[in-house]
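Quick note: the coordinates plus some simple rules give every number you see, no bench work behind them. The structure displayed is predicted, hence computed values, not measured ones. Quick reminder, even Gly has a Cβ in these numbers, built from the backbone with ideal geometry, and neighbours come from all protein chains shown.
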Amino acid sequence: MMSFLINNLIQPLNSLVFGEATAAPSPRPGTRDENGLYEPTPTDIFVVRAMLVKAMRLPPDIVDAVFDYAEYWAHSSNYIDYIEEHKNPLRILGGSASENRFLLRSFPVGFTSLGDRQSLADTLTYDMNEATPRPLSREHDPQFFESLLNHPTPKLARPVRKVVFTVKMKDQGWVGGRQHQKGAFNGSWTWVEAGLERFDSEQECDENCVADARYNSASSTAHALPLCALRSIYPEAKSAREEGKFNYQHELAADQEREIQRSRLATREWLSKTITWRWTDSIDPESEDGEELFQEGRGRGSATGEFVRNLKLGDVITIWGKARFRGWVLNLEKVKVDVYWAV
């Protein structure tokens, strides 16, 4: 029924709005995914929505439902290719000081880029530098983020529709003990996990801030969303023994609600995986479907939909690489996160 409705809405749109002999205007430059499908900008979506509401006299709620069904959403993309950047995979060693390694962060929800970061170095600094562990004092209200954007913003309190993680990974390629099954995910102690950050409205940052890659420029100005203002919601920042200092609290085992993917046991072949978390997910972690997720190398609770449904305008998704115990090594070649939200 919904697909029939979509076809009947979209097909006559050009003739109704532009006339039979007039072609619709070309959309603003967006991007195309790996299958060649056009990925619209927030402005594209706003314009098409207005055309459908006004030209076809459709209730906005119906148009929004059609857009959700067609996955006609805005999105942002952040990635790191370690071979391209460093000529070698990233290695995370279990039992070492770096066994919990920050890998990547998304743009804030509602942002397709950070326009005040012009240099590649500054962009990479934002993407891949771990935020200093500090507790969140007060988060910004939605109006603050809206004021920074030059395109239509999400008006929903919970706008995110899906998050797509792409990883290329493997473990060290061997394992001791007959209890471990080669090629299985169960028993692996190397994995990638999702986190969440928010900007602290009480953090002030000037042109001399060393958290970003602009402090050595005579013409630098403070960023509207500085790296030093990011606060991790999880992993949580806990008080350290030294007064006024904080450390990230990383558990020994994977967080089953935020575990993205584990490596296969004792295999030297690279595992390429695309994992999608949707706002409509509703898998009970204790169900057979939850067990199936676990056997596929995902967290049992990673498909409840709660993570995606609770994301707000300005939220930042992070990805962490983890390895446990000496001898376990997580090798990473590529990491990517795509965030899709309704406009």
Exposure proxy order (Cβ contacts within 10 Å, fewest to most) of 62, 283: 62, 283
Alpha-carbon centroid distance for the pair the stretch 59-95 / the stretch 107-186, whole angstrom: 9
Sum of side-chain charges, residue 291 neighbourhood, beta-carbon under 12 Å (Lys, Arg +1; Asp, Glu -1): -4
Pair residue 50, residue 201: separation of 7 Å Cα→Cβ label points (nm): 2.9
Calculated FRET value between residue 181 and residue 287, using beta carbons and R₀ = 25 Å, to 0.05: 0.60
Residue-by-residue Karplus 3J(HN,Hα) for the stretch 323-336, coefficients 6.51, -1.76, 1.60, Hz, glycine and proline x: 9, 10, 6, 4, x, 8, 9, 9, 9, 10, 9, 9, 9, 8
Sites residue 272 and residue 236 - FRET efficiency at Förster radius 30 Å, r taken between beta-carbons, to 0.05: 0.45
Label zone at residue 256 (point 7 Å along Cα-to-Cβ), backbone N below 14 Å, the stretch 184-207: 187
Sites residue 128 and residue 157, calculated FRET efficiency, Cβ-Cβ separation with R0 25 Å, nearest 0.05: 0.25
DSSP-assigned coil residues among chymotrypsin sites (Phe, Trp or Tyr not before Pro) in the stretch 112-188, each with at most 11 further Cβ atoms within 10 Å: none
Ranked 322, 273, 170, criterion: other C-beta atoms within 10 Å, fewest first: 273, 170, 322
Relative exposure of 132, 190, 112, judged by other C-beta atoms within 10 Å (fewest first): 132, 112, 190
